[in-house]
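What follows is a single structure, written as structure tokens, with notes after it.
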Amino acid sequence: MKKTAMLSAAAFIGINLVFPAAAAQNIRAKADVVCEPTKENLTYDCKIKLVDARTNAPLTGVTLTVGADMPSMPGVHNLRSVIAQAQGDPGNYRAILELEMTGVWALRLDITGATRDRVVKVLRFGDD
Ligand SMILES: [Cu+2]
């Protein structure tokens, strides 16, 4: 009886192991990010273009959330993520980021919906 249960558990795990292979066929996202300062201090207007990394086709119908952290200051900043708005041509999104200081930030682009992926872009903000 116990042996049977173990065998089915193993079979179940075996089935689960198939999923990563299927997921590998998922679309991988590629992002171009350009952030420009606004009139507000430390507030940046970021234009994000999302494409399929393999085909370069625009990624549409996804929800894009943008978070930011400073790689050099782990645990110091705790910025709230913002949802980017689709704007302009397909695959183009826009997010307003309110940072806490100038310097190098890692932008975390979380893509959900038809495509799920996370892209991290490291950008320098400000002159210092
Ligand atoms: Cu900092």
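Looking only at residues in segment 26-55 that are outside any strand (DSSP E or B) and in contact with a strand residue (DSSP E or B) (Cβ under 8 Å, 6 or more places away or on another chain), the one that is nearest to Leu99 (Cα to Cα) is Leu42.
When segment 51-78 is filtered for residues that are within 16 Å of the ligand (Cβ to nearest atom) and modelled with pLDDT of 95 or more, the ones remaining, listed by number, are Gly67, Ala68, Asp69, Met70, Pro71, Ser72, Met73, Val76, His77. Taking every residue in segment 91-105 that is touching a residue at least 24 places away in the same chain (Cβ under 8 Å) and assigned to a strand (DSSP E or B) and pairing it with any residue that is of a type in the set (Ser, Thr, Tyr) and near the ligand (Cβ under 9 Å from one of its atoms), at least 6 positions away or on another chain, the pairs with Cβ-Cβ distances below 8 Å are Gly103/Ser72; Val104/Ser72. All of (1) of a type in the set (Val, Ile, Thr); (2) away from the ligand (no atom under 16 Å from the Cβ); (3) over 19 Å from the mean Cα position of the chain (by Cα); (4) at pLDDT 95 or above hold for Val82 with one exception: (3).
The values are calculated or read from the model by the stated rules, or taken from the named source; none is laboratory data. Bear in mind that the values here come from a model prediction, so they are computed numbers and not experimental data. Methodologically, a virtual Cβ is constructed for each residue, glycine included, from the backbone with ideal geometry; neighbour enumeration extends over all protein chains shown.
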